[in-house]
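Participant: Once you've had a glance at the structure underneath, I'll fire off some questions.
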Amino acid sequence: MVTVAILGGGISGLSAAYYLGKLARSKTISKVILLEASSRLGGCIDTVRLDDGTIFERGPRSIRGQGAQGYNTLQLAEELGLSDHVLPIDRSHQATKNRFIYVNRELCRLPSGPGSLLMRQPPFSKSLVRLGWREPFVASHKVEDETIDSFFRRRFGDEIAKYAIDPLCRGIYSGSSQQLSMKACFPNLLEWEQQYHSVIKGALLAPKKKAPDAQGSRLVERYKSEHWSMWSLDTGLQKLPETLAMKLSQSDQVDICLDTPCTGLEFSDTTGKVKVKMSDKHEEVDYVFSALPARQFAVLLPSGHHQLAALLRHNPSVSVGVVNLQYEGNVLSTQGFGHLVPSCEPSNVLGVLYESCIFPVHNRPKGNNTRITCMMGGAWFKEMFGEADDVNTQEFGEIAAESIREQLHITKKPFRVIAGVVKNCIPQYQVGHTQSVQDMATYITQQSLPLSLIGASYDGVSINDCIHNTRLEVEKVLPSIEAMAH
Ligand SMILES: Cc1cc2nc3c(=O)[nH]c(=O)nc-3n(C[C@H](O)[C@H](O)[C@H](O)COP(=O)(O)OP(=O)(O)OC[C@H]3O[C@@H](n4cnc5c(N)ncnc54)[C@H](O)[C@@H]3O)c2cc1C
Ligand SMILES: C=Cc1c2[nH]c(c1C)Cc1[nH]c(c(CCC(=O)O)c1C)Cc1[nH]c(c(C)c1CCC(=O)O)Cc1[nH]c(c(C)c1C=C)C2
């Protein structure tokens with residue numbers, strides 16, 4: 001009988017336990033222990049549910065439906081019985097179409113849809129078509145990897161790099177386009193440059209990916225027929241890890257241990273087993289899935305594996321100040337998903353989400369009120385606010401309220417402000433990241449370590465990526481885990 005340990009109770013760790021239970025042949029895995037350091041499951045997914053019915057997200061708020069990864073999460077939601085709890089947003093919704101950047105004290109709508117590519121919209125000096133038409137004629141470079149900023153500057157010019165790509169990197173990674181890796185974050189575009197000598201030509205000529213299979217999922221069919229773009233859940237995204245945990249706790253094989261940090265690992269050459277250390281005890285298991293942020297996993301490795309530890313330390317993770325604000329009345333004059341602030345602007349804020357517009361059912365049910373979330377820090381956290389452990393979160397609330405007053409012209413005072421810091425929450429895939437991940441895999445194979453690395457640190461930070469990559473990894477290693485039973 002085989003025993004497995006999963007380190008980390010975020011969405012990746014929980015998905016690993018779920019797919020092991022779903023895909024393993026009956027009774028081959030006798031026990032799965034999932035260790036979570038904190039007193040809560042879900043990791044970055046963190047919904048605040050207030051007594052008056054208001055729902056705020058401190059972490060992710062929406063999941064995209066597109067592609068194999070998006071379909072997989074919808075399928076998971078359906079398997080968990082969450083179909084009737086899904087809050088969809090369709091492609092014609094304001095939150096899909098209206099995304100803004102705040103430049104020169106103005107909110108500027110980002111182009112969406114083919115028509116808007118032809119129009120000049122501030123802050124751009126020309127239409128995106130006129131800014132980008134030369135790209136197919138720009139000489140291509142054979143580079144292994146480079147920063148996102150350098151790629152877009154050389155192919156599309158400064159304006160696109162500054163006003164489209166820089167804020168995009170802030171709105172997904174809380175990161176700097178001058179540090180993030182093109183190969184890790186936008187691999188297709190880099191490939192198109194190599195293969196077609198142009199991103200635009202690649203977009204037009206590359207064979208279109210076959211539409212993924214809906215796998216018989218009714219929720220995926222609804223996504224397609226109702227033209228959804230993204231979705232959440234009626235009581236917030238936390239319901240996803242909560243329901244996963246509930247489902248897992250119905251199994252005799254799974255043991256979820258909260259407040260139980262893993263403090264170290266030891267790999268035995270003789271038995272092939274792994275000693276999983278906790279503060280006051282240990283467990284011997286046959287296989288380990290680490291769903292921890294890479295740098296936090298690095299410190300758990302025994303000293304003999306310093307080469308793997310060094311690779312795991314390649315990327316930093318950044319902290320994000322998250323401030324949820326609630327106002328009486330409908331104070332938002334601009335409807336949309338939110339706005340991002342490019343790094344060239346003199347603002348402490350990365351972006352502002354117009355939560356009431358995205359998911360109005362999460363508003364306080366009685367009365368007219370507005371919810372807004374402000375995010376700050378990220379790759380600039382230290383230079384703006386100092387060490388994440390030392391910040392005064394009240395100051396964050398004040399900065400957020402002031403930025404909202406200035407950027408959205410909301411002069412009313414919020415009646416509720418919830419400010420906090422989500423520490424080291426988004427990994428920054430720096431140049432060379434893809435190679436590091438490959439080197440980690442090679443090391444694990446060469447050393448025959450009974451270990452899988454899953455989670456946001458490796459191959460995509462979105463919830464979709466975390467769940468889908470975990471599923472692929474479980475499918476890949478399950479035969480060898482099952483073979484240990486004999
Ligand atoms: C502010 C914010 C907004 C986001 N918005 C979106 C969005 O809109 N859409 C989207 O798709 N994605 C979004 N993301 C990204 C997404 O939420 C995360 O990448 C994803 O949830 C990471 O999941 P994970 O399980 O890999 O890691 P985590 O959620 O970080 O989980 C790791 C877990 O390991 C635990 N742990 C740490 N050390 C130990 C130890 N020694 N022993 C045991 N346990 C340990 C931690 O307590 C944690 O619970 C957002 C992220 C943030 C921070
Ligand atoms: C300002 C900080 C952040 C905002 N959202 C995130 C951060 C760090 C995190 C985040 N947002 C998205 C993802 C998932 C990406 C995916 O592949 O699914 C993550 C990790 C979704 C997203 N949000 C914005 C964009 C352009 C995307 C990409 C996918 C999509 O097009 O839907 C824009 C955006 N993010 C934030 C704001 C204020 C904002 C405004 C336009 C906040």
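Participant: Give the cross-link partners of LYS413 among the lysines, using a straight C-alpha distance below 27 Å as the criterion and excluding same-chain residues fewer than 8 apart.
Facilitator: LYS366
Participant: Of the accessible area of region 124-205, with the probe set at 1.4 angstrom, what percent is carbon plus sulfur? Working shown, then result.
Facilitator: Details: 2260 of 3940 Å².
Using a 1.4 Å probe with all protein chains present, region 124-205 comes out at 57 percent carbon and sulfur.
Participant: With the cut-off at 1.5 for a/c, could you classify region 101-195 from its C-alpha gyration tensor as rounded, prolate or oblate? Don't skip to the answer; put the middle values down first.
Facilitator: Values: a/c = 2.14, a/b = 1.32, b/c = 1.63.
Note, shape of region 101-195 comes out oblate.
Participant: Kindly provide log₁₀ I(q)/I(0) values, in the same order as q = 0.07, 0.13 Å⁻¹, from the Debye equation applied to equal alpha-carbon scatterers of the chain.
Facilitator: -0.39, -1.38
Participant: Once you place label points 7 Å from the Cα toward the Cβ at GLU221 and MET119, how far apart are they in nm?
Facilitator: With each label point 7 Å from Cα toward Cβ, the separation is 3.8 nm.
Participant: For a quick check of your reading of the filter: which trypsin sites (Lys or Arg not before Pro) in region 20-76 sit in a DSSP loop and have no more than 11 other Cβ atoms within 10 Å? Mind showing how you got there, number by number?
Facilitator: Numbers: sites: LYS22, ARG25, LYS27, LYS31, ARG40, ARG49, ARG58, ARG61, ARG64; in loops: ARG25, LYS27, ARG40, ARG58, ARG61.
When the trypsin sites (Lys or Arg not before Pro) of region 20-76 are filtered for loop state and at most 11 Cβ neighbours within 10 Å, ARG25, LYS27 remain.
Participant: Further question on the same structure: Filter LYS208/LYS239; LYS27/LYS210; LYS277/LYS476; LYS209/LYS476; LYS97/LYS247 down to the pairs with a C-alpha to C-alpha distance above 31 Å, please.
Facilitator: Numbers: LYS208/LYS239 35 Å; LYS27/LYS210 36 Å; LYS277/LYS476 26 Å; LYS209/LYS476 22 Å; LYS97/LYS247 36 Å.
With Cα atoms farther than 31 Å apart: LYS208/LYS239; LYS27/LYS210; LYS97/LYS247.
Participant: So if each residue of separation counts as 0.36 nm, and I subtract the Cα-Cα distance between SER26 and ALA139, what length gain in nm does that give? Working shown, then result.
Facilitator: Numbers: separation 113, 0.36 × 113 = 40.68 nm, distance 5.62 nm.
Length gained between SER26 and ALA139: 35.1 nm.
Participant: Can you tell me which aspartates and glutamates have their Cα less than 17 Å from the Cα of LYS31? Leave out same-chain residues fewer than eight positions away.
Facilitator: Cα-Cα hits under 17 Å: ASP252, ASP255, GLU283, GLU284, ASP286, GLU482.
Participant: A follow-up question, please. Please list, by residue number, everything in region 118-160 whose backbone N is under 16 Å from a paramagnetic label point 7 Å out along Cα→Cβ of HIS197.
Facilitator: 134-143, 155, by backbone N distance to the label point.
Participant: Considering the options PHE152, SER127, TYR173, tell which one lies farthest towards the positive end of the dipole of region 124-205, charges being +1 on Lys and Arg and -1 on Asp and Glu at the Cβ, about the Cα centre.
Facilitator: Of the options given, the answer is SER127.
Participant: If you don't mind, there's one more thing I want to ask. Could you check the spin-label model distance between SER303 and ARG109? Points 7 Å from the Cα along Cα→Cβ, value in nm.
Facilitator: Once both label points are built, they end up 6.3 nm from each other.
Participant: Mind checking which lysines have their C-alpha under 21 Å from LYS142, skipping anything on the same chain fewer than 8 residues away?
Facilitator: Of all the lysines, those that pass the test against LYS142 - Cα under 21 Å, at least 8 places apart if same chain - are LYS183, LYS201.
Participant: Moving on. If you take every residue apart from ARG61 with its C-beta less than 15 Å away from the C-beta of ARG61, what net charge results, scoring Lys and Arg +1 and Asp and Glu -1? List each step's numbers first, then the result.
Facilitator: Numbers: positive: ARG49, ARG58, ARG64, ARG99, LYS239, ARG371; negative: ASP46, GLU57, ASP234, GLU355.
Here the charged neighbours net out to +2.
Participant: Compute the semi-axes of the equivalent ellipsoid of region 411-476, taking the square root of 5 times each eigenvalue of the Cα gyration tensor, and list them largest first in whole Å. Kindly include the intermediate steps, with their values, before the conclusion.
Facilitator: Details: eigenvalues 254, 41, 22 Å².
Equivalent-ellipsoid dimensions as semi-axes: 36, 14, 11 Å.
Participant: Express the accessible area of the chain per residue in Å², computed with a 1.4 Å probe while the remaining protein chains stay in the model.
Facilitator: Working: 22190 Å² over 486 residues.
I get 46 Å² per residue for this part.
Participant: So which GluC sites (Glu not before Pro) in region 366-468 pass both tests, a DSSP loop state and at most 15 other Cβ atoms within 10 Å of the Cβ?
Facilitator: Sparse-neighbourhood loop GluC sites (Glu not before Pro): GLU387.
Participant: So how do THR263, THR370 rank on accessible area, 1.4 Å probe, biggest first, that is with the largest at the start?
Facilitator: On the way: THR263 75, THR370 0 Å².
The residues order as THR263, THR370, largest area first.
Participant: Which value, in debye to the nearest 20, gives the size of the charge dipole of region 118-173 about its Cα centre, when Lys and Arg are +1 and Asp and Glu are -1 at the Cβ?
Facilitator: Numbers: 10 positive and 8 negative charges, 68 e Å.
For region 118-173, the charge dipole is close to 320 debye.
Participant: Moving to a separate point now. Give me the net charge for the shell around MET230: Cβ to Cβ below 10 angstrom, other residues only, Lys and Arg +1, Asp and Glu -1.
Facilitator: Working: positive: ARG61, ARG64, ARG91; negative: ASP90.
For residues surrounding MET230, the net value is +2.
Participant: While we're here: What is the dipole size for the chain, taken about its Cα centre, with +1 at each Lys and Arg Cβ and -1 at each Asp and Glu Cβ, in debye to the nearest 20? Don't skip to the answer; put the middle values down first.
Facilitator: On the way: 51 positive and 51 negative charges, 298 e Å.
Around 1440 debye, computed over the chain.
Participant: Is there a quick way to get the dipole size of region 327-432? I mean about its Cα centre, with the Cβ of Lys and Arg at +1 and of Asp and Glu at -1; what is the value in debye to the nearest 20? Numbers along the way, then the final one.
Facilitator: Values: 9 positive and 11 negative charges, 117 e Å.
For this selection, approximately 560 debye.
Participant: Report the label-to-label distance for ASP389 and ASP252 in nanometres (one decimal), using points 7 Å from each Cα along the Cα→Cβ vector.
Facilitator: According to this spin-label approximation, the distance is 4.5 nm.
The values are calculated or read from the model by the stated rules, or taken from the named source; none is laboratory data. A quick note: this is a predicted structure, and the numbers were derived from the prediction, not measured. Neighbour counts are summed over all protein chains in view; Cβ atoms, including those assigned to glycine, are modelled from backbone coordinates with ideal geometry. Just so you know, the surface numbers come from the protein's heavy atoms only, side chains and all, with ligands and any DNA or RNA stripped out. Shrake-Rupley method; radii C 1.70, N 1.55, O 1.52, S 1.80 Å.
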